[in-house]
Amino acid sequence: EGGHADFEEGDQRGARCSTAQAAPATLELRDPYPFIEAQISQAEINEATIALEQIILDIEDSRSRYAPELIQPLSILGKAQMATGDYMQAVETFDRAIHLTRINSGLFAPEQVPLVYLQADAYVAMSDLRNAQQREEYAFQVLSNRSTSRELLAGMQRLGDFYLDTYN
């Protein structure tokens, strides 16, 4: 019952978007994330954002603010924010997803590395190379604690590429 009222509220917030009302209906899918990611790649970012914000609210209401199920929609929301050029908001959204990963999987959980890389990419897009470097180095630190040789090598390559791109 509450879920349908929430969708109606989401529809009202997105009424200014021509296809916003179609997005909540797709949330009935077992896994709505591939559809939402496709919306972002096809420049239907407003619709995707509305759907993601509703999913996040629904998970917070039904589970908790710290539910591990929030990590994926937060990650996709951050990507949508980056696609619109809202890099600072994306950094904050990725930060929340990283925080949840650390709470649910541990301080040096390697699952946070892709999110940290997304934060670094957002900082680069804002020409904030100091914070980008900090995030790149943190990702490598996490990888060096609990990763396979292959993952560590990929992390070294990325960090080396970052240094080359920003210091030469």
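Miscellaneous remarks
- Single residue of Q81, Q112, Q141 found to be open to solvent by 70 Å² or more (accessible area, probe 1.4 Å) and part of a helix (DSSP H, G or I): Q141
- Boolean, R65 is closer than 30 Å to Q39 by Cα, surrounded by fewer than 15 Cβ atoms within 10 Å (Cβ to Cβ) and under 18 Å from the mean Cα position of the chain (by Cα): yes
- Test for L100: is it closer than 28 Å to Q157 by Cβ and buried (at least 17 other Cβ atoms within 10 Å of the Cβ): yes
- Test: residue in region 38-58 that is open to solvent by 60 Å² or more (accessible area, probe 1.4 Å), closer than 30 Å to L159 by Cβ, under 16 Å from the mean Cα position of the chain (by Cα) and not polar (S, T, N, Q): no
The values are calculated or read from the model by the stated rules, or taken from the named source; none is laboratory data. The model shown is predicted, which means the values in this text are computed figures rather than measured ones. For neighbour counting, all protein chains shown are included, and Cβ atoms are generated from backbone atoms with ideal geometry for every residue, glycine included. Areas reflect the complete protein model, heavy atoms only, side chains present, ligands, DNA and RNA absent. Shrake-Rupley method; radii C 1.70, N 1.55, O 1.52, S 1.80 Å.
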